[in-house]
Structures are given as C-alpha cells and as structure tokens.
Amino acid sequence: MDQEDRRSMCSVQPKERAVDSENKKLGKHDGIHEEIREESRSHDKTNVCSRSEKKILVICGCDTTLKTSMSKLLMRKNTSILAQESRSVRVWSDVELHGHLISLIKLPALNRLTEEEVIRKTLRCVSLCHPGVHVFLLIMPDAPLNNESKAEIEKIQKIFDSREHFILLFPSNLSVEEHVKESIKSSFETHSLISLYGDQYRVMGLNEHENSRQIPDLLEYIQNMKTGPYSLQMYVKAQENRIRHELEEQLKKRLSEMENKIKELEQNIESEGNQILLLKSLLQTDYRGSMNVNRKQKMNLVLCGSDETLKMSISKLIRKKKDELHGHQISLVELPALTQLSEEELMCQTLRCVSLCDPGVHIFLLIIPDAPVTYEDKVEMEKIQRIFSSRINKHIMILIIQDKNMISKLISKINPFHASDTDTETSIQTFGDRCFVLENSSQVPDLLQHVKNIVKQNNGSCYTTFMYLQAQLELERNEHKAEIEELRRSVMKTTGAWAKHPGCPRRRDRPRKAPRPWVGSRFDRDPGGWSVRGSRFEVPSGND
C-alpha cells in the first residue's frame with residue numbers, strides 16, 4: 001500500500017490488512033465466499049460510517065483523471081488526493097462538507113481488473129459501508145463515449161444491478177450553463193444513458209469558485225433521494241442474479257449449438273439419400289450391362305484376411321489375374337490386411353479392390369488358418385463386415401487353410417469346419433454359412449468349382465462399385481444418426497440438470513419445491529441481525 005493509501009484509509013487499515021492476509025490463503029472461488037462471510041460478520045464494526053446522518057458516496061468510472069478531479073472538487077481542502085492510477089479502493093471517511101457528514105470511496109476502473117479482482121474490490125467497497133452506499137457517482141466524460149467507457153458502464157451495471165442508486169456526473173472545464181447541458185444531452189448515446197438512469201445526472205464545473213452552489217445542491221439532491229442505501233445484501237443478490245443469468249445464457253447457447261448440429265446432420269442424411277439415387281441412376285446402365293458380359297467365362301475373386309503369408313500361398317496356387325486355370329478364366333485381386341491400414345487407406349484400398357473387378361467381385365475369399373481365431377482375424381472380419389456391409393454375405397466364402405500335418409481323411413471338398421472352435425463357427429454363420437477347407441493344391445479345382453456353384457446360386461450377380469458406394473453412404477448415415485442420438489441425450493441430460501437449478505423457471509401447474517441452499521438467495525430478519533437461509537455467512541444488523 002502506497003503513502004496515499006496509508007493517509008486515506010485511516011481507521012479501516014488494520015481490517016484491510018487482515019482481509020488481504022486471509023485472501024492469500026483462500027482459493028479463487030472459496031476465497032471470495034469466505035471474504036463475503038468475514039466482511040459481513042464485521043460489517044457493524046467498520047469506522048467508515050457509523051451515524052445515520054452520514055452519507056456514503058462511491059465515485060466510479062474508467063477515467064482516473066476525472067475521478068481525481070471530482071474527488072478534489074468534493075473534498076476541497078479537507079484532504080490531499082493523488083492523481084495517480086490505483087487498483088485499490090480509496091476511502092476518505094467522516095468529512096464535514098457544507099453541513100453534511102460524508103464518507104467518500106473511490107472505486108478503481110473495473111474494466112482493467114480481472115474477474116476475481118472485480119468481485120473482491122466491489123465487495124470491499126460495499127462491505128465498508130453501513131447501512132450501505134447511498135449513491136454511486138458515475139463519472140462520465142463530456143465527450144462522446146468511447147469503447148472503454150462503454151465497457152466500464154456495462155461492467156458496473158452487471159456487477160451492481162441497480163439504476164436508482166446511480167447519479168451520472170459530467171465534469172466540465174466550462175462554466176455550468178444551459179448550453180453545456182444541452183450539448184451533453186445532444187449526443188444520442190449520452191441521452192439514452194441518462195434516460196436509462198432515470199434522468200439522474202449533474203454537470204459539474206471543475207473551475208467553479210468555492211462559493212458556488214453546485215456541491216451543496218448535489219448534496220441536497222442526494223439527501224432528498226427516496227431510495228434506501230445499497231446494502232451488502234443487495235450486492236449478494238445482484239451476484240446471484242448475475243450468475244443465474246450467465247448460466248442461462250450458457251445453456252441457451254449450448255442448446256442452440258446442439259440443435260443446429262442435429263439439423264445439419266439430418267440434412268446430411270437427406271442429402272446422402274439423394275446421392276444414392278443419383279449414383280444408382282448413373283451406374284444403372286453399366287451395372288445391368290456388365291452382368292451379362294462374359295459372366296460364364298470369367299470369375300473375379302478377391303483374397304482377403306489378416307495373414308499375408310496364407311494369401312500369398314493361395315495366390316501362387318490360383319495364379320494371377322486373367323489366367324486360364326482348370327477350365328476357368330480367373331481374375332484375382334489381393335486385398336491387403338485391413339488391420340494394418342489407417343481409415344483413409346482402408347477406404348482407398350477397398351474401393352480400388354472393387355473397382356478393379358469388372359463388372360464386380362463374384363466371390364470374396366476370406367482366408368483363415370486351421371486354428372483358433374486370433375484377435376487380428378476377429379478385427380479383420382469386423383472391418384470387412386463394417387466396410388462392405390451385409391451385402392457382402394452373398395458374395396463371400398471362408399477358406400480354411402489346413403496344415404499338412406493335420407490332414408483329416410474325413411474332410412471332403414465342401415465339408416464344414418471339423419474343429420469345435422466356437423469363434424470360427426460363429427464367423428462362418430455370420431458370412432452366410434459358406435466354408436471350404438483347403439488341404440493341398442490338388443483341391444484347387446474343387447475350390448474353383450465350389451466358387452462357380454456359389455456364383456450360379458447368385459444368378460451371376462456380383463458385388464459392384466455401386467453396392468460399395470451405397471454401403472459407404474449408409475455407414476456414414478448410421479454414424480450421423482448415432483451422433484444425433486448422442487447429442488439428443490446430451491441435450492436431455494443438460495436440460496435435466498438445469499431443471500434442478502435454483503434459477504430454472506418452473507411450470508405453473510407443477511407444485512413449487514423449496515429452493516436449494518444458495519449463497520445470498522434468501523434473507524430473513526431476526527432479532528440477531530440479517531442471516532442467510534442455508535448459506536455460509538450472516539450479516540449482523542449493527543446499531544442504526
């Protein structure tokens with residue numbers, strides 16, 4: 001605290017040091033509530049104001065020079081005032097002025113403080129006053145309002161939430177005449193602000209002689225004001241309303257964002273449906289024509305699975321694409337293991353795989369070893385089912401590669417899997433109950449014949465590029481639907497939590513319940529003083 005603070009704070013200095021010491025020990029929010037409690041309990045002990053005839057004035061605003069000039073004009077030669085920037089609350093107590101006993105408090109510019117400092121300084125200002133602040137003198141420049149002035153006024157109004165306790169003061173270096181008042185009110189913003197505060201304003205000449213009546217007239221005007229003092233309880237109530245309003249605004253903003261997101265996703269789903277119809281119309285001709293072109297002469301096969309070694313072995317047996325083998329024209333495409341690919345690579349590789357096959361893929365050969373299904377195999381099958389959708393079930397067959405050392409005489413060319421592996425059996429059922437056990441290379445003709453029979457059962461149809469794109473659009477649609485449901489659950493959860501908030505509006509036909517305990521939410525008057533129902537502090541009434 002500087003030298004001016006020590007001269008001006010007077011008898012409130014020991015108490016302020018105690019509060020500052022206490023604040024250092026408290027957290028950001030708990031410290032504020034604890035300070036409210038401590039200030040309230042000692043409210044009647046402060047020496048700033050102790051007599052009912054005394055008036056307490058608070059000077060506020062963003063212009064430090066004007067506030068200092070106005071303080072000097074009020075105090076005259078009663079005390080010294082430094083015109084320097086200060087972040088602390090200044091107090092001049094028990095000053096006799098034109099037959100009135102006043103205490104003057106100068107509030108720092110709130111717009112230059114942090115949120116926590118704003119609460120602490122304003123609480124400090126109000127708590128020093130008993131029974132409360134009689135009037136706030138809001139110092140205004142006689143020029144058009146700048147952004148800093150507007151922000152300061154907005155901050156003050158938000159914190160104190162009162163208009164009848166404010167008087168707008170316009171200090172001017174000119175003499176106070178009617179044309180000066182008219183020039184001030186000629187500004188639209190200033191005129192609107194004056195109207196907002198109930199036309200409670202004064203133009204103060206800074207160069208007026210000492211015998212001028214402007215200070216006595218101002219004090220008489222304050223004396224005749226019908227409003228009661230702005231008390232600590234009113235301040236606490238204002239903070240409660242401010243917090244409730246901020247919570248309401250946050251909730252409205254969040255709900256609006258969620259509703260916009262839901263609408264956007266629903267529009268995407270509708271747009272995807274139109275894309276499906278467009279793709280179908282574009283590919284219809286090629287799709288129908290390609291079904292009948294050489295479908296008996298050529299079969300398009302795709303090898304897939306997580307074991308690259310097994311796929312390579314099968315590739316060597318069946319040869320590479322468009323080779324004549326055992327009376328069949330084969331086009332063979334090998335799909336890399338999907339578990340090793342990123343999401344973007346996965347989409348590119350699967351689309352490329354299908355588009356390389358004209359008119360489409362007749363059979364997907366999903367290769368797994370003759371052993372319990374591994375975690376990689378399970379993930380591979382899940383990704384295949386997710387990417388290609390259930391449409392693949394008509395065009396896929398599980399190919400089990402049996403170890404030469406595990407040859408079983410009971411295995412036939414179309415014999416189902418002989419082991420009792422539950423995961424393998426489940427996988428076979430998932431992909432249409434089609435399975436072939438390959439023991440050695442001599443069974444390749446039987447494998448191809450089995451593939452040919454499946455194609456015949458499907459009437460020569462195949463898994464086309466259009467079916468793949470349709471599967472991708474449906475996959476994206478399902479993801480959007482899941483996201484919409486998640487957003488709706490979040491909205492319901494948020495609104496449900498807000499319904500339990502003390503400030504939430506209730507339906508008229510619903511019986512009102514007792515509000516939850518809230519700091520400063522309700523005040524009861526009892527013989528011992530002010531007490532806050534269900535809160536953590538109480539305000540003694542003091543001696544009026």
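The values are calculated or read from the model by the stated rules, or taken from the named source; none is laboratory data. Values in this document were obtained by computation on a predicted structure and should not be read as measured data. Counting neighbours? That spans all protein chains shown, and the Cβs are built from the backbone with ideal geometry, glycine included.
Just to be sure, is residue 202 in the same structural domain as residue 121 (by the TED database) and either of a type in the set (D, E, K, R) or buried (at least 16 other Cβ atoms within 10 Å of the Cβ) (or both)?
Yes; evaluated as a whole, the condition is true for this residue.
Looking at segment 459-472, is at least one residue farther than 19 Å from residue 355 by Cβ and not aliphatic (A, V, I, L, M)? Outline the logic, then answer.
Filtering segment 459-472 for residues farther than 19 Å from residue 355 by Cβ gives 459-460.
Next, from what is left, pick out any that are not aliphatic (A, V, I, L, M): 459-460.
Yes, segment 459-472 contains a residue that is farther than 19 Å from residue 355 by Cβ and not aliphatic (A, V, I, L, M).
For segment 208-223, the tally of residues that are polar (S, T, N, Q), closer than 17 Å to residue 169 by Cβ and outside any helix (DSSP H, G or I) stands at 1.
Considering only residues in segment 95-118 that are out of contact with any Leu (no Cβ under 9 Å at 6 or more places or on another chain) and touching a residue at least 40 places away in the same chain (Cβ under 8 Å), the one that is surrounded by the most Cβ atoms within 10 Å (Cβ to Cβ) turns out to be 106.
Quickly run through segment 119-158 and pick out the residues that are in contact with a Lys or Arg (Cβ under 7 Å, 6 or more places away or on another chain) and of a type in the set (A, V, I, L, M, F, W, C).
Within segment 119-158, the first condition is being in contact with a Lys or Arg (Cβ under 7 Å, 6 or more places away or on another chain), and the residues that meet it are 134, 139, 158.
Once the filter is applied, which keeps residues that are in contact with a Lys or Arg (Cβ under 7 Å, 6 or more places away or on another chain) and of a type in the set (A, V, I, L, M, F, W, C), segment 119-158 yields only 139.
Counting only strands (runs of 3 or more DSSP E) that sit wholly inside segment 325-404, those with at least 1 residues that are assigned by the TED database to the domain that holds residue 443, β-branched (Val, Ile, Thr) and at pLDDT 85 or above are 363-369, 396-401.
Within segment 229-240, identify whether any single residue is of a type in the set (Phe, Trp, Tyr), assigned to a helix (DSSP H, G or I) and more than 27 Å from the chain's Cα centre (by Cα), and answer yes or no.
Our first condition is that a residue be of a type in the set (Phe, Trp, Tyr); within segment 229-240, this holds for 230, 235.
Among the residues that remain, those that are also assigned to a helix (DSSP H, G or I) are: 235.
Then keep just the ones that are more than 27 Å from the chain's Cα centre (by Cα); that gives 235.
Yes, segment 229-240 has at least one match.
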